[in-house]
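Step one of this worksheet: look at the structure below.
The values are calculated or read from the model by the stated rules, or taken from the named source; none is laboratory data. These numbers come from a predicted model, not from an experiment. Backbone-built Cβ (ideal geometry, glycine too); neighbour counts: all protein chains shown. Heads up: the accessible areas ignore ligands, DNA and RNA and are worked out on the full protein's heavy atoms, side chains in. Shrake-Rupley method; radii C 1.70, N 1.55, O 1.52, S 1.80 Å.
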Amino acid sequence: MHNNSENENQLSKGSIGLLGLVMISMAGVLAIIGPMEVSSFIGSAGPAAMWPVILGFILFLIVSLPILEYTKIVGFAGGYYGLSELGFGRAVGKFTSLSNYVFYIFWQTTNFFAMSAIIVDTVDELYNYMIPIWGWLLIGILVLVLTNLMSSLHPKLLSRILIYITVGTTILVVIFIAYVIAKSPYNSPYYLNPANSYSGFTGIATGTAIYGFFLYVGYGSTLFYTEEAKNGRKDAWRAIYIGLGLSAIVIALSAYSIVAAVPKSDLSTVASSALPEIVAWIYYFPKWVLLALSIVVVAISMLSFGAGGGAQSRLMWAMARDRFISSKWLLKLSKKNKTPVNAVLLQFITVLVVAFIVAGIMVAVYGYNINTVTTAWFAAGAGGTIIWYFHHFIPEFGLFPYISRNKGIKYSKFRKWIVGLIVPIGGTALFIYTFYLGIISDLLEPYFAFLLAAVFALFGILVYVLYKAMKGNIGESTVTYMAAESEKIPIADDR
């Protein structure tokens, strides 16, 4: 079998250090929009809104342990699907890869509507002016343009830009948070006590399951850059821990600053707002300052999305390298930047078409109004969440069979059973619980339509992969060779 990792079309190895990987992780989580996304925590946990953020962080670290262990085995530009392939073979790996790619289509579509909604909602809330529909769409187009331009940059330059903008904007947001906390007459240890949740621990658990856990799903962007890291096997898991930890602190402080900014009697009003920081912080900053903050955060977010966009393009490139996607055009790298520019172009066009179709249907059914703008954001995100379950939890179960087959890998039995099996089982139980609690139990339109779109996409992927497998055209497994080389173990033909 030919080893495609020896292809002359190589990514730029040794380009990203530990700090760069940390920033990619933080760019995926995007803690700078923390003050804008805590209304759900206030709605579920009330004064204890920061605790679903903290508990979600802890649970996410535990559930993601198999993925973090995988980064110590091999650096692979295909991300999650490498572990699925190592554990279960090429067919399951390729199902994971396409599921992951569809997730990224949902993700970029969500970004299209999220950034547009933040600007439209901010202007409407502060100045009672509804930006015209063309402005709403224009902001979304700008999101996709900047995201994919950033995705095309050389990884060294991309990581350097992310360091500057992530550190700078995070400091700016923390300054706003600290100012509100310092000035608020309602600042109190009361908001630090989880027992003060309106419905006790049930409220915190509900907020964690539905919202807190999924704050951190963007960490996976880091996986796709490990082939280009200076020391991916050593640095990737550390970068994810650091990036998630810093992000959790910022978002938890954001939640505290929102609930501590207003009287307890006003928390329900804050919780019902799409942009709680506007409602809560209006007593501490002039309108123009809050508008400027929203614009800065949205602009930096557009650039930060380049980390995830780059992950998506590397995923497609990895599938082409494996010859699962038979396209020399998608395998081509930029001579200057050593990035999969054709894959970037493909995803830009695909997401643009999908976003305009979604926007057209939403406006045709519900009209153009604030509710439509906000619902398009949340509904697209719900669809992506469903896909995320599958491309994340399948590879988690792949660690156990891979370690079991390869006795040469130094791994204690206790560690193998806990990390390789107990944790994935617990994660799957959490998945079923959150899937029911957050999605199935409240299937209102248009969320039901996005659920169906996600289910049909997964079914279509399954049929396509099975067809390719039956035809013996499932492609190769570059990650198998890479893992064997890194662990110095014999290469066995997969199933």
(request) Test F431 against the stated conditions and say whether it is in contact with a Gly (Cβ under 9 Å, 6 or more places away or on another chain), free of Cβ contacts under 8 Å to residues at least 60 places away in the same chain and under 21 Å from G212 (Cα atoms). (result) no
(message) I want to confirm something. Restricting to the range 201-245 and keeping residues that are out of contact with any Leu (no Cβ under 9 Å at 6 or more places or on another chain), more than 18 Å from G384 (Cβ to Cβ) and not basic (K, R), which single residue is surrounded by the fewest Cβ atoms within 10 Å (Cβ to Cβ)?
(response) T202
(message) I'd like to know if the range 170-184 contains one or more residues that are part of a helix (DSSP H, G or I), within 30 Å of L333 (Cα to Cα), open to solvent by less than 10 Å² (accessible area, probe 1.4 Å) and at pLDDT 95 or above.
(response) no
(request) May I ask you to list pairs of residues, at least six apart or on different chains, whose Cβ atoms are under 6 Å apart, with the first in the range 325-343 being within 15 Å of G309 (Cα to Cα) and the second being open to solvent by 50 Å² or more (accessible area, probe 1.4 Å) and basic (K, R)? (result) N342/K332
(request) Quick one: which residue in A255, A205 is under 30 Å from Y70 (Cα atoms), aliphatic (A, V, I, L, M) and modelled with pLDDT under 95? (result) A205
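Residue by residue, here is whether (1) modelled with pLDDT of 95 or more; (2) more than 24 Å from Y447 (Cα to Cα); (3) among the charged types (D, E, K, R) holds:
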residue	(1), (2), (3)
G306	yes, yes, no
S313	yes, yes, no
S327	no, yes, no
S334	no, yes, no
P340	yes, yes, no
L346	yes, yes, no
V351	yes, no, no
A355	yes, no, no
V363	yes, no, no
(message) Please pick out the residue among L126, L142, L138, L157 that is among the aliphatic types (A, V, I, L, M), at pLDDT 95 or above and surrounded by 16 or more Cβ atoms within 10 Å (Cβ to Cβ).
(response) L142
(message) For the range 263-279: of the residues being among the hydrophobic types (A, V, I, L, M, F, W, C) and within 17 Å of S44 (Cα to Cα), which is modelled with the lowest pLDDT?
(response) A274
(message) Return the residues of the range 306-342 that are of a type in the set (F, W, Y) and open to solvent by less than 20 Å² (accessible area, probe 1.4 Å); say none if nothing qualifies.
(response) W317, F324
(request) Please report, ordered by residue number, the helices (runs of 4 or more DSSP H) entirely within the range 1-103 with at least 2 residues that are under 19 Å from the mean Cα position of the chain (by Cα) and closer than 27 Å to S272 by Cα. (result) 18-29, 39-45, 50-63
(request) Find the residue count for the range 54-73, including only residues that are at pLDDT 90 or above and open to solvent by less than 40 Å² (accessible area, probe 1.4 Å). (result) 7
